[in-house]
1. Would it be correct to say that Arg81 is within 30 Å of Ala150 (Cβ to Cβ) and among the charged types (D, E, K, R)?
2. Going through the range 128-141 one residue at a time, which ones are more than 12 Å from His69 (Cβ to Cβ) and either surrounded by fewer than 24 Cβ atoms within 10 Å (Cβ to Cβ) or among the aliphatic types (A, V, I, L, M) (or both)?
3. Can you say whether Leu48 is without any contact (Cβ under 8 Å) to a residue 60 or more places away in the chain and assigned to a strand (DSSP E or B), as far as the supplied structure shows?
4. Which residue out of Val29, Val18 is among the aliphatic types (A, V, I, L, M), surrounded by 20 or more Cβ atoms within 10 Å (Cβ to Cβ) and touching a Pro at 6+ places or on another chain (Cβ under 8 Å)?
5. Could you count how many residues in the range 1-30 are part of a strand (DSSP E or B) and within 18 Å of Gly104 (Cβ to Cβ)?
6. Could you pull out the residue among Ala6, Ala92 that is under 18 Å from Phe135 (Cβ atoms) and in contact with a strand residue (DSSP E or B) (Cβ under 7 Å, 6 or more places away or on another chain)?
7. Going by what's in this entry, would Thr33 be described as among the polar types (S, T, N, Q), assigned to a loop (DSSP other than H, G, I, E, B) and touching a residue at least 12 places away in the same chain (Cβ under 8 Å)?
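The values are calculated or read from the model by the stated rules, or taken from the named source; none is laboratory data. Just so we're clear, the structure is a prediction, and the values are computed from it rather than from any experiment. Every residue, glycine as well, gets a Cβ built from its backbone with ideal geometry; the counts of neighbours run over all protein chains shown.
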Amino acid sequence: MIDALAGRDAPLIVTSGVGVYAGIGLPFVDEDTPLDNPIPPQVPRVRLEAQTVAAAARGVRAIVLRPAHAYGAGGCGIFTRIQIDYAARSGAGGYVGDGAVPYGTVHVEDLAAAYAAALQHGRAGTRYNIVGQTFSTREVAGAVAYAVGADGGTVALTAAQAQEAWGPLAGVLIAAPRISSLRATRELQWTPRSATLTHELIHGSLRRAQA
């Protein structure tokens, strides 16, 4: 595809994700944070990002978007789904340790707006983190518990218990950095406007319990 677009200043928007930061071991990251040693599942994604960014030198207006955990319109990504399923099984929302791990989110309507903004304003060879609101995993656990009719009840899990509950996906809920999306705000003029994940879980399209 890049060969076909080369030299035409044609736009190319490639979707990556904030999962590229998994295992990075830093409290805060942005698009300039080096990804020298990604965890194995993220290696193909990091390589695709590098290929996309390099295409800018060949006359392609190539842009990478890294959405956070997406939700909305009655659906959500796998990391939110596994938390909902755990709460439905156990009767409480689970979080690891003190529940302070940051959990970046983005509503699908805000994500769609980010793609439109990238098409209009995106700078060739640039990565953009697309994060609407960030909650602690303890806040998400409470909202998930309301969603399944567990009255907001939560339970603290050890890392081993989290791995038993969520398998290989537990790592993202055990440790994660806070992710900046300031570049998208500044360059794309993007801002989230939709209902938050916690609102959708408690009052909106992700609520499973009957009112």
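1. So Arg81 fits the description; yes.
2. Ser136, Arg138, Glu139, Ala141
3. no
4. Unique residue meeting the criteria: Val18.
5. The qualifying residues number 3.
6. When all the criteria are applied, what remains is Ala92.
7. Considered against the rule, which asks whether it is among the polar types (S, T, N, Q), assigned to a loop (DSSP other than H, G, I, E, B) and touching a residue at least 12 places away in the same chain (Cβ under 8 Å), Thr33 comes out as yes.
Here's the yes/no breakdown for (1) at pLDDT 95 or above; (2) over 13 Å from the mean Cα position of the chain (by Cα); (3) closer than 15 Å to Val131 by Cα; (4) crowded, with 17+ Cβ neighbours inside 10 Å:
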residue: Pro34; (1), (2), (3), (4): yes, yes, no, no
residue: Leu48; (1), (2), (3), (4): yes, yes, no, no
residue: Leu65; (1), (2), (3), (4): yes, no, yes, yes
residue: Ala68; (1), (2), (3), (4): yes, no, yes, yes
residue: Ala87; (1), (2), (3), (4): yes, yes, no, yes
residue: Gly104; (1), (2), (3), (4): yes, no, yes, yes
